[in-house]
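These notes are about the structure you will find just below.
The values are calculated or read from the model by the stated rules, or taken from the named source; none is laboratory data. Bear in mind the structure is a predicted one, so any value in this text is a computation, not a measurement. Note that each Cβ is placed from the backbone with ideal geometry, even for glycine, and that neighbours are counted across all protein chains shown.
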Amino acid sequence: MDEIAQREKSCTIDDLIRILWEPLKARGFEFSIEQKGKGIQFRCTKCAHHDLAREINGTDWMFYLKCASDPYIVEGFNPKIVFHRTKTLMQGHDCCDHYYEFQE
């Protein structure tokens with residue numbers, strides 16, 4: 001993600017959404033986006049990675065292979081974007097609740 005960020009003229013939350021999230025719609029991901037406070041709240045209810053992990057009975061280790069890298073992806077894109085998540089589909093929750101906020 002750091003290489004992508006270096007090629008981009010701008011590394012805002014909107015740019016992160018455009019590069020990271022928008023292409024996922026075509027891959028079967030389902031999510032909602034809501035302005036919340038100073039940031040953007042995502043609620044992902046369908047994830048192709050989670051679907052595959054369930055098929056192979058591997059949600060526990062797929063969490064570490066896929067989901068655990070999310071904070072580092074955001075940091076590599078722009079260290080001024082703060083990332084929070086309290087739930088993931090991989091861990092048995094009803095959604096993944098990604099929250100992004102720009103810190104000046």
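Picking from Y64, Y72, which residue would you name as being closer than 22 Å to T12 by Cα and either touching a Gly at 6+ places or on another chain (Cβ under 9 Å) or outside any strand (DSSP E or B) (or both)?
On the way: Y64 fails: closer than 22 Å to T12 by Cα.
So the residue among Y64, Y72 that is closer than 22 Å to T12 by Cα and either touching a Gly at 6+ places or on another chain (Cβ under 9 Å) or outside any strand (DSSP E or B) (or both) is Y72.
How many residues are without any contact (Cβ under 8 Å) to a residue 24 or more places away in the chain and touching a strand residue (DSSP E or B) at 6+ places or on another chain (Cβ under 6 Å) when one looks only at the stretch 51-81?
Here the count works out to 1.
Go through the stretch 83-104 residue by residue and tally those that are within 12 Å of the chain's Cα centre (by Cα), within 14 Å of I13 (Cβ to Cβ) and either in contact (Cβ under 8 Å) with a residue 24 or more places away in the chain or surrounded by fewer than 15 Cβ atoms within 10 Å (Cβ to Cβ) (or both).
4
Identify all residues within the stretch 27-57 that are of a type in the set (A, V, I, L, M, F, W, C) and either at pLDDT below 95 or assigned to a loop (DSSP other than H, G, I, E, B) (or both); write none if there are none.
First, pick out the residues of the stretch 27-57 that are of a type in the set (A, V, I, L, M, F, W, C): 29, 31, 33, 40, 42, 44, 47-48, 52-53, 56.
Across the stretch 27-57, the qualifying residues are F29, C47, I56.
Please verify whether the stretch 52-60 includes one or more residues that are within 15 Å of the chain's Cα centre (by Cα) and exposed (fewer than 15 other Cβ atoms within 10 Å of the Cβ). Spell out how you get there, then give the answer.
Here is the first cut: in the stretch 52-60, the ones within 15 Å of the chain's Cα centre (by Cα) are none.
Checked the stretch 52-60: no residue is within 15 Å of the chain's Cα centre (by Cα) and exposed (fewer than 15 other Cβ atoms within 10 Å of the Cβ).
Has the stretch 23-46 got any residue that is exposed (fewer than 12 other Cβ atoms within 10 Å of the Cβ), without any contact (Cβ under 8 Å) to a residue 24 or more places away in the chain and in contact with a helix residue (DSSP H, G or I) (Cβ under 9 Å, 6 or more places away or on another chain)?
Looking through the stretch 23-46, at least one residue is exposed (fewer than 12 other Cβ atoms within 10 Å of the Cβ), without any contact (Cβ under 8 Å) to a residue 24 or more places away in the chain and in contact with a helix residue (DSSP H, G or I) (Cβ under 9 Å, 6 or more places away or on another chain).
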